[in-house]
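Comments concern the structure below.
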Amino acid sequence: MKASKMLISTLKEAPSEAKIPSHILLLRAGLIKNEVAGVYNYLPLGLKVLDKVEKIVREEMDESGALEIRCSALQPKELWVESGRWQKYGPELIRLKDRHEREFCLGPTHEEIFTSMVRDLVKSSKSLPLNIYQIQTKYRDELRPRFGLMRSREFIMKDAYSFDKDENGLEKSYQQMYDTYTKIFKRCHLNFRAVLADTGNIGGNGSHQFMALSDVGESLIAYCECGYAADVEKATSKLDGYVGGDIKDIEKVYTPNHMTIIDLEQEEGFLPKDMSKTMVYHDFLNEKYIIAMVRADREVNVIKLVNESNSNENYLRLATDEEIMNLGLVKGFIGPVNLKRDDIDIYVDYELENHNGFLVGANELNYHLKNVKYGRDFNGILCDLRTVNENDLCPCCGKPLKIERGIEVGQIFKLQTKYSDPMNCIYVDEFGKNKPMVMGCYGIGITRTLQSIVEQYHDDAGIKWPLNVAPYHAVIVPVNYKDDSQRKLAETLYEALKANGVEAIFDDRDERPGFKFKDWELIGIPFMIICGKRSEEGIVEFKTRQTLEKEELTISDALNRILDALEEEKKYNDSI
């Protein structure tokens, strides 16, 4: 491709909307262009990268035996009502009506569509197992779209669904997709970690997320050298065994205006480990209130609370001051003792279960109760509610956990019969009995993967694309395009590269050399070949973008260097 024919729209400065390096660079390098908040157009260079990521995904999915289809993004309400998700999915679901007042949504995911399709097309066990997938645009009405393609309203996703006869079949399909995802992200040269994950709005029993490690990642990962790893929404820890002092009778204490944990620690001398943090939530989905209790040196993990209470994070929020008052509770002095209301459920973290006596609010202004013991003075639903912290004890081996940030690029789920049961997706077994298909679900954020690569491969000058996903492999830049020897050498090398299957750019623009060099460093082309003052001798300057190393080579050596790199990349892909 000749640069004069390309749409090269690099920017000197990043738009104000961009906050993280990858978002800044995708905009500055002219790979994407913002349309409205959370919606992006893919420019030619960006589309080439996107196509390469899709190609990797498609090749590995096809190799696994999955079959590609393409579904409509427009989904009828009736299918979502069948699965029970029309209301529960929350405000991220973009709903609309046609001219006949029939209701639809723009698909944020496709469980209902795939399940409906398979129940209509597959009846016999002979057709199972089956794994079908698509690569398609999804739509979610994000409250605060941010970080470019990381959290957007419109994004490209690969979603696949497996259908098996039983749990054993699901386990095999799930492991196959786990292995396939590992190959995909290795081929994209991502530094990633597979971790246990919450199932969220998708549901099911069992899930792993594939996290691209990054300091700007929105997700936190807890992991241990023994191999345990989980998203913090899912992560748990071994109890530290702390039980406080001796068991004593409950006692009411005067704590004037001491409404916070810090007040009680600094002014009254109570240790956070000997206090309960008591939070009140309004669950709009189930129309009830929830009290969540964790040790005061902990934080409530809202996702765990959502799962325990069978709610949805879009419908759960902290109760207002007015709601707290109407419940007969006193803000800053809330506690569970003698609290008997049918519209309040109490959830208690396991760490409080065996504590010998901790401090809680007395539900009376300026008073707390100390020496409160679970099971003796109040009851509730025991569960894991705490957010895991660095150095908490690994649930598997008991060693200290470490915390890292990551970007979710893929997630796999064991759906089991969550959708096949309510949607009557059944097969007839060898004895003539109807049985629900056992399902799995497997998603990859194509656009998130693209941006995650940039987040891991960049420097102050721009993007450093791995060869496998770069928009072009090499760019040839004559320092002075009007110089005959430089131009002819560049043209000769350009034709030789193309003849050998190298995706190359010939920068035939009549621009200053520094301007062109900065463009290609920003865009991140892996190899730059500069035809300059030694062109008459057939000598070029060869620059590698990953390392910024420069060396003088003959055009034959420059060509072979690129061909060798492509061969090494092929060997790497074959070895995965």
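The values are calculated or read from the model by the stated rules, or taken from the named source; none is laboratory data. Remember, it's a predicted structure, so these values are computed and weren't measured experimentally. Glycine also receives a Cβ, built like all others from the backbone with ideal geometry; neighbour counts cover every protein chain displayed. Remember, those area values only see protein heavy atoms, side chains included, never the ligands or the DNA or RNA. Shrake-Rupley method; radii C 1.70, N 1.55, O 1.52, S 1.80 Å.
The loop-placed GluC sites (Glu not before Pro) in the stretch 19-126, going by DSSP, that have at most 15 neighbouring Cβ atoms within 10 Å of their Cβ come out as Glu92, Glu101. The figure for Asp421 is an accessible area of roughly 90 square angstrom, using a 1.4 Å probe on the protein chains alone.
What's the angle, to the nearest 10 degrees (0 to 90), between helix 167-187's Cα axis and the longest principal axis of the chain? The angle comes out near 50 degrees. The trypsin sites (Lys or Arg not before Pro) of the stretch 108-143 meeting both criteria, a DSSP state outside H, G, I, E and B (loop) and at most 16 other C-beta atoms within 10 angstrom of the site's C-beta, are Lys123. Note on surface exposure: Arg85, Arg144, Arg317 rank Arg144, Arg317, Arg85 by accessible area, highest first, 1.4 Å probe. Here the simple spin-label model places points 7 Å from the Cα toward Cβ, and for Leu339 and Gln175 these points are separated by 4.6 nm. Residues in the chain average 45 Å² of solvent-accessible surface per residue, probe 1.4 Å, ligands and nucleic acids excluded.
In terms of its C-alpha gyration tensor, the stretch 1-95 comes out oblate, because a/c is 1.5 or above while a/b does not outweigh b/c.
Annotation: aspartates and glutamates with alpha-carbon distance below 18 angstrom to Lys5 (same-chain offsets under eight excluded): Glu491, Glu495, Glu503, Asp507, Asp508, Asp510, Glu511, Asp519. Computed over protein heavy atoms with a 1.4 Å probe, the carbon and sulfur contribution to the accessible area of the chain reaches 47%. With each label modelled as a point 7 angstrom along the Cα→C-beta vector, the Asn191-Asn560 pair spans 3.4 nm.
Think of it as helices only: each DSSP H run of n ≥ 4 in the chain is worth -39500 (n - 2.57), and spread over all residues that comes to -8000 deg cm²/dmol at 222 nm.
Placing dummy labels 7 Å off each Cα toward the beta-carbon, the span from Ala496 to Lys12 is 3.7 nm.
Estimated from the Cβ-Cβ distance and a Förster radius of 30 angstrom, the FRET efficiency linking Thr320 and Arg144 is about 0.90. I need the calculated FRET efficiency for the pair Asn168 and Lys482, taking r as the beta carbon distance and R₀ as 51 Å, to the nearest 0.05. E between Asn168 and Lys482, to the nearest 0.05, is 0.10.
Taking the C-alpha atoms only, the angle from helix 555-575 to the longest principal axis of the chain is near 30 degrees.
Take the Cα of Asn424, go 7 Å toward its beta carbon, and the backbone nitrogen atoms of the stretch 108-140 under 20 Å from that spot belong to 111-125. For the chain, the longest principal axis of the C-alpha atoms and the axis of helix 484-499 are separated by about 60°. Sparsely packed loop sites in the stretch 362-466 (the GluC sites (Glu not before Pro) outside DSSP H, G, I, E and B with at most 16 other Cβ atoms within 10 Å) comprise Glu390, Glu430. Bridgeable aspartates and glutamates around Lys77 (alpha carbons under 16 Å apart, same-chain partners fewer than 8 residues away excluded): Glu92, Asp98, Glu101, Glu103, Glu111, Glu112.
Across the cross-link table entries Lys402/Lys550; Lys482/Lys518; Lys33/Lys158; Lys12/Lys55, which are compared at the Cα atoms, the separations over 29 Å belong to Lys402/Lys550; Lys12/Lys55.
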